[in-house]
Amino acid sequence: MSDSLRTLSTPVVDFEDTDEEGPYTEETPLTTASRANNKGDWITFKNRLKYYVPVFSWLPSYSFQTFWGDFVASLTVTTILLPSGLSYSVLAKLPAVHGLYSIVIPGIVYAFLGTSRQLVIGPEALVSMLVGSSIVQQQKYLEQSDPETAILIAGLITFFVGILTLIIGIFRLGFIDSVLSRALLRGFISAVAIVIIIEQFLTMTLLTEQSIRDGVGHASSTVEKFVYIVTHFGDVHQLTTIVSFSSFAFLLMGGFLKAKYAKRYPWTQFVPEILICAIIFTILCAIFKWNEDGVAILGHIQGGGFPSFQIPAPPSKMHVLDCFQTAVLISVVGFVESIVVTKTYGTKYNYSVSANRELVALGTANLVCAFFQGFPAYGGMARSSINDRAGAKTQFSGLITCIFVLICLFFLLPLFYFLPKSVLAAIISFAALILLHELPEDLHFMYKIRAWNDFALLFLTFFITIFVSIEYGTLIAVALSLVLVVKHTTYPRISILGRIGNTNKFKPIKDFPDSAEHVEGVLVVKISEPLYFANTGQLKDRLRRLEAFGDMSVHPSEEARLSPIENVIFDIETMEDLDASAAQILLEIVEAYHNRDVTVYFVKIRDNQKLLFVRSGLWDKVGEEHFFGQISDALEYINMKTLGIGIE
């Protein structure tokens with residue numbers, strides 16, 4: 001290219017007029033757009049990263065002031081988690097150290113992936129009891145009761161819990177916390193609390209081994225164990241009983257005083273009565289040598305340090321399906337409590353939380369925990385509340401808590417050598433008693449609104465769990481919840497509308513019996529929800545009963561109360577959608593009415609519905625002239641047709 005052409009093709013730039021030093025190159029619109037797109041892609045990537053890995057949203061702006069609040073909160077929470085973790089290990093039929101593993105591993109993972117800044121995850125009494133019950137059942141099948149087998153069983157259950165929770169979150173099924181009926185859940189949780197307390201009473205009185213020798217083992221019902229305790233109370237170990245019930249009374253008194261003086265002295269909420277109880281009775285046991293007088297102590301704790309990696313491979317004769325069923329209930333129950341806590345603090349501090357991301361975080365935490373000898377861990381209301389009141393501001397408080405527990409695992413486990421096992425049983429009983437504190441309030445509310453069905457469901461689940469077993473209680477709770485969901489899902493929401501006086505307003509006759517009146521010879525039916533394969537099965541029967549009685553509450557054996565009809569008007573304004581099965585059912589309904597010489601009309605049809613009506617043949621079957629914008633227009637057409645006016 002010649003110099004003259006090169007000169008013409010090169011822009012003339014005055015460097016003194018530019019802010020940047022060095023040669024200037026002109027940017028084409030394509031280059032500018034490319035850089036803008038790259039910048040936009042980078043911003044989108046960062047936003048997605050912050051959304052799916054929340055640690056990147058709070059860590060860059062973390063400050064020392066925030067750290068101090070998180071540090072104090074984590075120190076406070078650790079004083080609660082240490083004795084609780086040891087106790088819940090015993091409840092889960094595992095060596096004591098594994099409860100601490102179940103605090104550390106899930107806590108570290110959740111600190112990176114969790115959306116709640118105040119949630120503290122770890123073992124829970126209910127979850128630990130379910131794990132322990134499953135372990136005992138599996139050990140009976142395997143005819144092995146060694147700790148290694150129990151650890152593998154717990155690891156497999158935790159693996160299933162992690163996988164289930166993670167899959168539910170990935171497929172955005174966060175609404176699953178609504179599957180379990182509150183009444184069923186309350187009955188089950190209350191029953192499990194009673195089961196836990198009675199189970200621990202055997203340990204608190206040192207009757208466990210004797211009861212097994214007498215044929216009252218883990219397979220026996222809670223009622224049988226209670227009767228055994230009452231009838232063999234004379235055989236209890238006196239010192240163990242005194243120690244256990246003294247520690248239980250200490251915890252009850254501590255909880256009572258904290259509740260009484262919470263408003264006057266807010267700092268009392270941070271007093272770790274559980275840790276104080278454990279320390280006091282450990283010191284007393286070491287001084288007075290209670291272990292030499294027959295009091296069982298924790299002794300040397302196997303393990304310690306950072307948990308080792310272990311694949312939870314099931315033994316050959318293991319009933320894997322039973323473990324999976326236990327994992328299903330643990331996943332639902334654990335997530336329900338966790339999401340309640342998450343939403344509570346999200347609302348309190350005005351930050352967004354996502355049920356689906358919580359499921360992913362909790363699922364990942366439990367999945368990783370399964371490979372490090374832990375058992376399922378979820379969020380707890382009590383410890384999260386203490387974490388919040390102690391000043392926790394970010395998820396870093398949970399990470400600091402895990403560091404404190406790790407320090408205990410490395411250096412402090414020998415200090416628990418003289419901790420009486422009966423004191424751990426008292427701590428578990430105290431935690432179980434807390435599970436019952438909402439029962440009276442729920443029962444009173446159900447009575448106040450006369451919710452007798454909920455009463456029946458609550459007590460049915462409660463008594464089956466108490467009198468039979470936790471496994472059957474679990475089965476009943478889940479099965480009945482699913483049946484109720486299916487029942488309500490398959491029950492089409494339709495109602496008969498009546499005219500309000502001489503106006504063109506129409507209201508459900510059931511809700512306005514004094515003002516809404518039937519239109520003579522016309523049945524006006526409002527379909528109040530989308531129709532699909534699940535809720536159209538009973539549509540024909542419901543229409544038939546409404547046509548005869550005007551109300552679904554009337555028993556079908558009675559005589560018809562309404563006069564025969566000549567016209568049916570379907571108001572489908574709130575029927576947002578329908579599928580192929582629903583369209584086919586509607587087509588059959590229209591044909592049945594036509595065979596009886598009953599004319600069918602549709603009003604307020606949507607555009608998306610019209611397309612399916614046309615494709616299915618409903619549009620032609622009904623007739624284009626029988627679709628109207630308002631009920632009053634359809635009635636006017638019917639009147640004119642009856643009188644023979646203006647109808648071609």
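The values are calculated or read from the model by the stated rules, or taken from the named source; none is laboratory data. Quick caveat: nothing in here was measured; it's all calculated off a predicted structure. A quick note on method: Cβ atoms are made from the backbone with ideal geometry, for glycine too, and the neighbour counts reach across all protein chains shown. Protein only, heavy atoms only, side chains kept; ligands, DNA and RNA dropped before computing areas. Shrake-Rupley method; radii C 1.70, N 1.55, O 1.52, S 1.80 Å.
Annotations
- Only listed residue being in contact with a strand residue (DSSP E or B) (Cβ under 7 Å, 6 or more places away or on another chain) and over 15 Å from PRO314 (Cβ atoms), chosen from LEU119, LEU113: LEU119
- Qualifying residue in segment 422-439 (condition: more than 23 Å from SER133 (Cα to Cα), open to solvent by 70 Å² or more (accessible area, probe 1.4 Å) and assigned to a helix (DSSP H, G or I)): no
- Of the criteria (1) assigned to a loop (DSSP other than H, G, I, E, B); (2) surrounded by 14 or more Cβ atoms within 10 Å (Cβ to Cβ); (3) at pLDDT 85 or above, which one ASP597 fails: (2)
- Looking across segment 355-386, the residues that are among the small types (Gly, Ala, Ser), part of a helix (DSSP H, G or I) and open to solvent by less than 10 Å² (accessible area, probe 1.4 Å) come down to ALA361, GLY363, ALA365, ALA370, SER384.
- When residues in segment 519-549 are screened for being closer than 13 Å to ARG493 by Cα and part of a helix (DSSP H, G or I), 6 of them pass.
- Taking each residue of segment 608-619 that is more than 12 Å from ASP579 (Cα to Cα) and looking for partners that are of a type in the set (A, V, I, L, M) and open to solvent by less than 90 Å² (accessible area, probe 1.4 Å) with beta-carbon atoms closer than 8 Å, six or more apart or interchain, yields GLY617/LEU587; LEU618/ALA583; LEU618/LEU586; LEU618/LEU587; LEU618/VAL590; LEU618/LEU612.
- Subset of segment 192-240 [open to solvent by 20 Å² or more (accessible area, probe 1.4 Å), under 14 Å from ALA426 (Cα atoms) and not in a helix (DSSP H, G or I)]: LEU206
- Restricting attention to segment 263-305, the residues being part of a loop (DSSP other than H, G, I, E, B) and touching a residue at least 12 places away in the same chain (Cβ under 8 Å) number 13.
- Given (1) of a type outside the set (A, V, I, L, M, F, W, C); (2) modelled with pLDDT of 85 or more; (3) closer than 17 Å to LEU130 by Cβ; (4) open to solvent by 40 Å² or more (accessible area, probe 1.4 Å), number of the condition THR461 does not satisfy: (4)
- Checking each residue in segment 464-518 for being surrounded by 15 or more Cβ atoms within 10 Å (Cβ to Cβ), assigned to a helix (DSSP H, G or I) and more than 23 Å from the chain's Cα centre (by Cα) picks out only ILE466.
- Scanning segment 58-108 for residues that are over 27 Å from the mean Cα position of the chain (by Cα) and open to solvent by less than 20 Å² (accessible area, probe 1.4 Å) yields GLY69, ALA96, VAL97.
- Taken over segment 117-152, the criterion of being open to solvent by less than 10 Å² (accessible area, probe 1.4 Å), among the hydrophobic types (A, V, I, L, M, F, W, C) and more than 24 Å from ILE339 (Cβ to Cβ) is satisfied by ILE135, ALA150.
- Among the residues of segment 572-601, those that are among the hydrophobic types (A, V, I, L, M, F, W, C), out of contact with any Asp or Glu (no Cβ under 8 Å at 6 or more places or on another chain) and within 18 Å of LEU543 (Cβ to Cβ) comprise ILE572, LEU578, ALA582, ALA583, ILE585, LEU586, LEU587, ILE589, VAL590, ALA592, VAL600.
- Filter pass, PHE411 being open to solvent by 40 Å² or more (accessible area, probe 1.4 Å), in contact with a helix residue (DSSP H, G or I) (Cβ under 6 Å, 6 or more places away or on another chain) and either aliphatic (A, V, I, L, M) or closer than 28 Å to LEU298 by Cα (or both): no
- Counting only residues that are closer than 30 Å to PRO147 by Cβ and modelled with pLDDT under 85, segment 336-382 holds 3 of them.
- Boolean, LEU611 is at pLDDT below 90 and closer than 24 Å to THR490 by Cβ: no
- When SER331, SER316 are screened for being under 24 Å from SER133 (Cβ atoms), among the hydroxyl-bearing types (Ser, Thr, Tyr) and loosely packed, with under 15 Cβ neighbours inside 10 Å, only SER316 passes.
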